[in-house]
Amino acid sequence: MDERKIQAYYEAHPEGVPGILDIPEMYQLHERYLKWIRRLAPERLLDAGCGKGFLGQAVAPFCGKYHGLDFSSTAVSIAEKHVPHGTFSVASVCSLPYPENTFNCIVCSEVLEHVPRYQQVFSEIHRVLLPGGYTLLSTPNAINPDMLWRKWIRGSYTTQIYDQPIPYRKLLAAAKRAGFKVEHFESFWFLPMWGGFMPPAMCSPLMCVLSWLSRRFRVPLGLYLFCVLRKDV
């Protein structure tokens, strides 16, 4: 997929999936980011792939300086209103316009699945992160049954132009290749995503079983993956 086409799509559709912020799993996702940002209290934080700034609006009060970046200028113009005291850049996460060792913490929420060159993203994040700094990232889980159901029924995970969740083993391997140490990794939210893609009669018992299996065998089966990565000193 040509990344210029992806960029053009998000210039025209900065909302990504309309209404997604109104679903409970997104609140749980933001809670995880807030927990770690409060703990780390970074002096300089980069929101790589900030979109319209909804996560930035939540975490900005708990860091010294907030920097948001997205390659959609349309999204950035909206994010500037949500985080008026932030500093924003329009650029690709594959080529971050910052010098080495700039940020104490970088968040990358629901971005990697929309970037064909995700290994380059890891390398760039590692480059601009200070030694000892942390990266918090999340992405949909490719092996979650609800995700597989939607892929089978519709041929794609969402209606977005490029949406390819990375299998968790590849995700962790890419992080380690870039030089990161995995400090924390989990999957969460075993109920189907907003939209009701699975029949109700099968989703509740199935999701209870999935939650148990995930805990018992330590296989991430939740709808989302959440990682905390550390750059060695």
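The values are calculated or read from the model by the stated rules, or taken from the named source; none is laboratory data. A quick note: this is a predicted structure, and the numbers were derived from the prediction, not measured. All Cβ positions, glycine included, derive from the backbone under ideal geometry; neighbour counts span all protein chains shown. Surface areas here come from the heavy atoms of the whole protein model, side chains and all, with no ligands, DNA or RNA. Shrake-Rupley method; radii C 1.70, N 1.55, O 1.52, S 1.80 Å.
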With in contact (Cβ under 8 Å) with a residue 40 or more places away in the chain and touching a helix residue (DSSP H, G or I) at 6+ places or on another chain (Cβ under 9 Å) as the only criterion, which of Asn101, Asn141 stands out? Asn141
Taking segment 126-142 and keeping residues closer than 16 Å to Leu55 by Cβ and of a type in the set (A, V, I, L, M, F, W, C) leaves Leu136, Leu137
Can you confirm whether segment 177-194 contains a residue that is modelled with pLDDT under 85, open to solvent by less than 40 Å² (accessible area, probe 1.4 Å) and not aromatic (Phe, Trp, Tyr)? yes
Can you report the number of residues in segment 60-98 which are of a type in the set (A, V, I, L, M) and in contact (Cβ under 8 Å) with a residue 40 or more places away in the chain? 4
Taking Lys35 and the conditions (1) closer than 12 Å to Leu136 by Cβ; (2) within 15 Å of the chain's Cα centre (by Cα); (3) at pLDDT 95 or above, which numbered condition does it fall short on, given that it satisfies the others? (2)
Name the single residue that is nearest to Leu34 (Cα to Cα) among those in segment 120-162 being part of a loop (DSSP other than H, G, I, E, B), open to solvent by less than 20 Å² (accessible area, probe 1.4 Å) and modelled with pLDDT of 90 or more. Asn141
Can you name the condition, by its number, that Gly49 falls short on among (1) at negative phi; (2) at pLDDT 95 or above? (1)
From the set of residues in segment 78-103 that are polar (S, T, N, Q) and open to solvent by less than 40 Å² (accessible area, probe 1.4 Å), which is farthest from Leu46 (Cα to Cα)? Ser92
Just for strands (runs of 3 or more DSSP E) wholly inside segment 21-119: which have at least 2 residues that are closer than 21 Å to Arg230 by Cβ? 44-48, 65-70, 103-109
For segment 55-76, state whether one or more residues are open to solvent by less than 50 Å² (accessible area, probe 1.4 Å) and charged (D, E, K, R). yes
